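Beneath this line is the structure, given in structure tokens, with notes to follow.
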Amino acid sequence: MDIHDFRRIALSLEGAEEGSHMGSPDFRVGGRIFATLAAAKQGYGNLMLTPEQQAMFVAELPDVFIPIAGGWGRNGATHVRLAATNEDLLAGALHTAWKLRVEKNAKAESRKRTPTTKSTARKRQKRRR
């Protein structure tokens, strides 16, 4: 697999669009990133997973999936070594990241639609400070 395969598979997912983040191609659904090609020069695609999903992928195939260094990696951002994967594996991994983003988007949207009581508004305001 290579960056062209990564792009093709990412864009085949429902509602996926290509954008750019800090000069690197990214893939979004509902305007939010689920994957990038920020490390394409090193032969990696990047997936935005949960830390738990990342741990499962890395435990299963440590030669293919690698946590990104630093805080992004601790939060689930994961390299996928493109040359070491195949079509089915890459499609499954991208689908996992896409599905997580779709679920997060739906959750955020439902919070926006929930009526706010005065006490809830005060709690939110305190958290922002």
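The values are calculated or read from the model by the stated rules, or taken from the named source; none is laboratory data. Bear in mind the structure is a predicted one, so any value in this text is a computation, not a measurement. Reconstructed Cβ throughout: ideal geometry from the backbone, glycine too, with neighbour counts over all protein chains shown.
Which condition breaks for GLY19 when tested against (1) assigned to a helix (DSSP H, G or I); (2) free of Cβ contacts under 8 Å to residues at least 24 places away in the same chain? Exception for GLY19: condition (1). Of everything in region 85-106 that is of a type in the set (D, E, K, R) and free of Cβ contacts under 8 Å to residues at least 12 places away in the same chain, the residue that is surrounded by the most Cβ atoms within 10 Å (Cβ to Cβ) is LYS99.
Of everything in region 22-41 that is assigned to a loop (DSSP other than H, G, I, E, B), at negative phi and small (Gly, Ala, Ser), the residue that is surrounded by the fewest Cβ atoms within 10 Å (Cβ to Cβ) is ALA39. Could you tell me whether any residue of region 85-105 is outside any helix (DSSP H, G or I), within 21 Å of LEU11 (Cα to Cα) and not small (Gly, Ala, Ser)? Checked region 85-105: at least one residue is outside any helix (DSSP H, G or I), within 21 Å of LEU11 (Cα to Cα) and not small (Gly, Ala, Ser). The residue that is nearest to ASN75 (Cα to Cα), counting only those in region 42-60 that are in a loop (DSSP other than H, G, I, E, B) and in contact with a strand residue (DSSP E or B) (Cβ under 8 Å, 6 or more places away or on another chain), is LEU49. Screening region 1-11 for residues that are over 14 Å from GLY43 (Cα atoms) and touching a residue at least 40 places away in the same chain (Cβ under 8 Å) and picking the one that is surrounded by the most Cβ atoms within 10 Å (Cβ to Cβ) gives ALA10. Taking region 42-65 as the range and being surrounded by fewer than 22 Cβ atoms within 10 Å (Cβ to Cβ), of a type in the set (A, V, I, L, M) and in contact (Cβ under 8 Å) with a residue 24 or more places away in the chain as the test, the residues that pass are LEU61, VAL64. Exactly one residue out of GLU52, GLU103, GLU17 is in contact with a Lys or Arg (Cβ under 6 Å, 6 or more places away or on another chain), modelled with pLDDT of 95 or more and not β-branched (Val, Ile, Thr): that is GLU17.
Yes/no per residue for (1) surrounded by 15 or more Cβ atoms within 10 Å (Cβ to Cβ); (2) of a type in the set (A, V, I, L, M, F, W, C):
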| position | (1), (2) |
| --- | --- |
| PRO67 | yes, no |
| GLY73 | yes, no |
| VAL80 | yes, yes |
| ALA83 | no, yes |
